[in-house]
1. Answer yes if at least one residue in segment 354-364 is in a loop (DSSP other than H, G, I, E, B), modelled with pLDDT of 95 or more and buried (at least 19 other Cβ atoms within 10 Å of the Cβ), and no otherwise.
2. In the list SER506, SER499, which residue meets the criterion of being in contact with an Asp or Glu (Cβ under 6 Å, 6 or more places away or on another chain) and at pLDDT below 95?
3. Which condition does ALA343 not pass, out of (1) in contact with a strand residue (DSSP E or B) (Cβ under 9 Å, 6 or more places away or on another chain); (2) small (Gly, Ala, Ser); (3) at positive phi, if it passes all the others?
4. Tell me whether segment 404-413 contains one or more residues that are assigned to a loop (DSSP other than H, G, I, E, B), among the hydrophobic types (A, V, I, L, M, F, W, C) and open to solvent by less than 10 Å² (accessible area, probe 1.4 Å).
5. What tally of residues in segment 320-330 results from selecting those that are out of contact with any helix residue (DSSP H, G or I) (no Cβ under 6 Å at 6 or more places or on another chain), of a type outside the set (Asp, Glu) and open to solvent by 10 Å² or more (accessible area, probe 1.4 Å)?
6. Being in contact with a Gly (Cβ under 8 Å, 6 or more places away or on another chain) and either in a strand (DSSP E or B) or modelled with pLDDT of 90 or more (or both), is that true of even one residue in segment 161-168?
7. For segment 376-386, enumerate the residues that are touching a Lys or Arg at 6+ places or on another chain (Cβ under 8 Å) and open to solvent by 40 Å² or more (accessible area, probe 1.4 Å).
8. Being within 14 Å of GLY440 (Cα to Cα) and modelled with pLDDT of 95 or more narrows it down to one residue among ILE416, ILE411, ILE400; which is it?
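The values are calculated or read from the model by the stated rules, or taken from the named source; none is laboratory data. Keep in mind that this is a model prediction, so the values were computed, not measured. Note that each Cβ is placed from the backbone with ideal geometry, even for glycine, and that neighbours are counted across all protein chains shown. Heads up: the accessible areas ignore ligands, DNA and RNA and are worked out on the full protein's heavy atoms, side chains in. Shrake-Rupley method; radii C 1.70, N 1.55, O 1.52, S 1.80 Å.
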Amino acid sequence: MAVSMGTLKPSPHSFIIEPIDNADRAISFQSLSFASSHLSGDKLISPASLRSRRCSSGVNSYRSRTPVIVSPKAVSDSTNAQTCLDPDASRSVLGIILGGGAGTRLYPLTKKRAKPAVPLGANYRLIDISVSNCINCTISKIYVLTQFNSASLNRHLSRAYTSNMGGYKNEGFVEVLAAQQSPENPNWFQGTADAVRQYLWLFEEHNVLEYLILAGDHLYRMDYEKFIQAHRESDADITVAALPMDEKRASAFGLMKIDEDGRIIEFAEKPKGEQLKAMQVDTTILGLDDEKAREKPYIASMGIYVVSKDVMLNLLRERFPAANDFGSEVIPGATSIGLRVKAYLFDDYWEDIGTIEAFYNANLGITKKPVPDFSFYDRSAPIYTQPRYLPPSKMLDADITDSVIGEGCVIKSCKIHHSVIGLRSCISEEAIIEDTLLMGADYYETNADRILLYAKGSLPIGIGKNSHIKRAIIDKNARIGDNVKIINSDNVQEAARESDGYFIHSGLVTVIKDALIPSGTII
């Protein structure tokens, strides 16, 4: 991978970053060496390991340092930032993607699958975002932790990445680690930190410098190498990815206050009321102009962390052995005992796909013009997924505007506007699809299959003739009959009609996977 190198020059808006102490300075990253195996060879020595006394000595070890000036580019994710990791991320960083809990806020999309396995953007799944970001940044050792409905996720990852991650002297992998009971720990994962703690015995075996903790349900594109470089240059124990946030959404996130050095001095997990107002800050410290700073007066955690290996082991085993969550327990705890917990600005598109409404908006956002919220067409940082070898989509006398069409679709004489149509979708004549996410199908049905289904009184997969669907999510393999109207004309906001094959959340109708909606149905 080619990189450009330059000199970081002081600027009037530079952050103050403290250097490593004399003992740390004696060892440079250039002197580190790796064995060809990620599980053997001499143990990597880093400044972080020499700093491990911080976990027990508190803040006193920081006070004798002389500050140096570092450009804000070192703590921002911008296209102009310089990146030159040594040692490189492929050998020194272990990616850990947290699959999340039961995904109750995304139900019924999570009825038969883990949250990271939910389809996205016509061809992809949510997990592809975090994995692709890792691959694009040469992070090739990746674990995915999950405990709910992991069969679909495991199948997708094995088909998409298993054969592409390895190679001579490159022991890359993407591996699912499901929650399991053991004599030492009879419980399932109790939270994000507990999930990592239960597999520390495995993570510890990897000869790396840092753990990169990611979420499997976010939509964004990020250069993790710049993130990791900022962590190393600022001599941090933990670095938290952060972004400016408006007041409307701020209470749904962990919020922080930072000093002029970018160091986190206060952290509050999902504050409400007066506690929320108390977390307001002047976000011009992040480089925002006055107008944007007024619109977004909070600094929110993205739930993405770089943690030095020795620090992680000490925090989860010694300091906070009962802590279950990173955001509400481990990060505030690390701040309270004087560890260097730094903030890293990410000022670009990012969406937490935690609810049905957020999921719907994120998908429809890729149809925006002239510039979508998130683009799958970035040549320098592509999003990878399972190769399915499907034929091109076929559109016969169809009127399609402002939409994204996945692979292998058959669309006949219908009207589609501002919608995302998933792979293998079949849409019949005179159908109208508006403002809708149609996830498609896992397989095709032959003409013989269709004849047999009609004979049994059932329906083929797809959208029937003369059906009208507006502002809805249609999960995979749904069978929608002829003359069906899914338009929520009564503007119902919430309804649970699982026996009828659908739910309504925030006014959005969601048809369940494999559901059958008989001909003539009106929702």
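1. Checked against the condition, which is being in a loop (DSSP other than H, G, I, E, B), modelled with pLDDT of 95 or more and buried (at least 19 other Cβ atoms within 10 Å of the Cβ), segment 354-364 yields no hits at all.
2. SER506
3. (3)
4. Yes: one or more hits.
5. Here the count works out to 3.
6. Within segment 161-168 (the criterion being in contact with a Gly (Cβ under 8 Å, 6 or more places away or on another chain) and either in a strand (DSSP E or B) or modelled with pLDDT of 90 or more (or both)), the answer is no, since none of the residues qualifies.
7. Passing the criteria: only ASP378.
8. ILE411
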